[in-house]
1. Filter the range 51-88 down to residues that are outside any strand (DSSP E or B), free of Cβ contacts under 8 Å to residues at least 60 places away in the same chain and touching a helix residue (DSSP H, G or I) at 6+ places or on another chain (Cβ under 7 Å), then give me how many there are.
2. What single numbered condition from (1) more than 25 Å from residue 216 (Cα to Cα); (2) at pLDDT below 95; (3) surrounded by fewer than 17 Cβ atoms within 10 Å (Cβ to Cβ) fails to hold for residue 137?
3. Here is a list: 203, 225. Which entry is under 16 Å from residue 100 (Cβ atoms) and either outside the structural domain of residue 148 (by TED's automatic domain parsing) or surrounded by 16 or more Cβ atoms within 10 Å (Cβ to Cβ) (or both)?
4. Working only within the range 167-187, note down all residues that are touching a residue at least 24 places away in the same chain (Cβ under 8 Å) and either part of a loop (DSSP other than H, G, I, E, B) or crowded, with 17+ Cβ neighbours inside 10 Å (or both).
5. Among (1) over 19 Å from residue 202 (Cβ atoms); (2) buried (at least 21 other Cβ atoms within 10 Å of the Cβ), there is one condition residue 112 misses while meeting the rest; what is its number?
6. Within the range 1-26, track down each residue that is under 17 Å from residue 91 (Cα atoms) and either out of contact with any helix residue (DSSP H, G or I) (no Cβ under 6 Å at 6 or more places or on another chain) or not assigned by TED's automatic domain parsing to the domain that holds residue 226 (or both).
7. Which ones in the range 33-50 are part of a loop (DSSP other than H, G, I, E, B) and either at pLDDT below 95 or in contact with a helix residue (DSSP H, G or I) (Cβ under 8 Å, 6 or more places away or on another chain) (or both)?
8. Any residue that is under 19 Å from residue 221 (Cα atoms), out of contact with any strand residue (DSSP E or B) (no Cβ under 8 Å at 6 or more places or on another chain) and either crowded, with 23+ Cβ neighbours inside 10 Å or not assigned by TED's automatic domain parsing to the domain that holds residue 147 (or both) - is there at least one of those in the range 82-103?
């Protein structure tokens, strides 16, 4: 049993509010697409089922094993690597970073990821990354955790419950309780914490400009009753002299435009 894939499916697999946006971007950019933090294929399958060539990148081999099985016969390649330092050996029209994966990296990790992504984009290619502030999970209208996510496989019940979100040293600490209950009433409980950077779209855009990207208007994924909305930062690899001039003009200390 691939338990890592079970937890990933429970905690991430049910989210679909962003799929229209990734489909639209892939349709406008064409392939190939690099899906960063691909997990068990939530977005990869959505694109590949429409004939888009996808390279699915993740650092977790067991998640990629599940992805590979699900994407059999589709135009999908898997790469097991840390997104903060990867080499794929090809360039892409579009690199996507769904579900706040970029916020797992820390400031130094974001910089190295952005440099890797820049090197892997075709001229004019796009990098699109979803950001949200997990501290907004609870508000006056949503003061209680959402219902637990659960499934049963071969007589074993798996449950994942969001129990709280707290700020820790400028990051959002998302706490979950995972439970496994077997038919003989033997159970296991595990408490897990995921830390997300609290970083704004403007901060990411500024970091990206220092690497060489041109910032484009952000896109938005609306919130739903169950999920927070996201802002999608859109960054473009320069296409020619006009973009290079715009990039230079945006740098701190630039004297472009005269006095």
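The values are calculated or read from the model by the stated rules, or taken from the named source; none is laboratory data. Just so it is clear, the model here is predicted, and its values are computed rather than measured. FYI the Cβ positions are ideal-geometry reconstructions off the backbone, even for glycines, and counts take in every protein chain you see.
1. Total satisfying the criteria: 12.
2. (3)
3. Only one candidate passes the filter, namely 203.
4. 170, 171, 172, 174, 176, 178, 181, 182, 183, listed by residue number.
5. (2)
6. Hit for the range 1-26 is 25, nothing else.
7. Those that are part of a loop (DSSP other than H, G, I, E, B) and either at pLDDT below 95 or in contact with a helix residue (DSSP H, G or I) (Cβ under 8 Å, 6 or more places away or on another chain) (or both): 37, 38, 39, 40, 41, 50.
8. No, the range 82-103 contains no residue that is under 19 Å from residue 221 (Cα atoms), out of contact with any strand residue (DSSP E or B) (no Cβ under 8 Å at 6 or more places or on another chain) and either crowded, with 23+ Cβ neighbours inside 10 Å or not assigned by TED's automatic domain parsing to the domain that holds residue 147 (or both).
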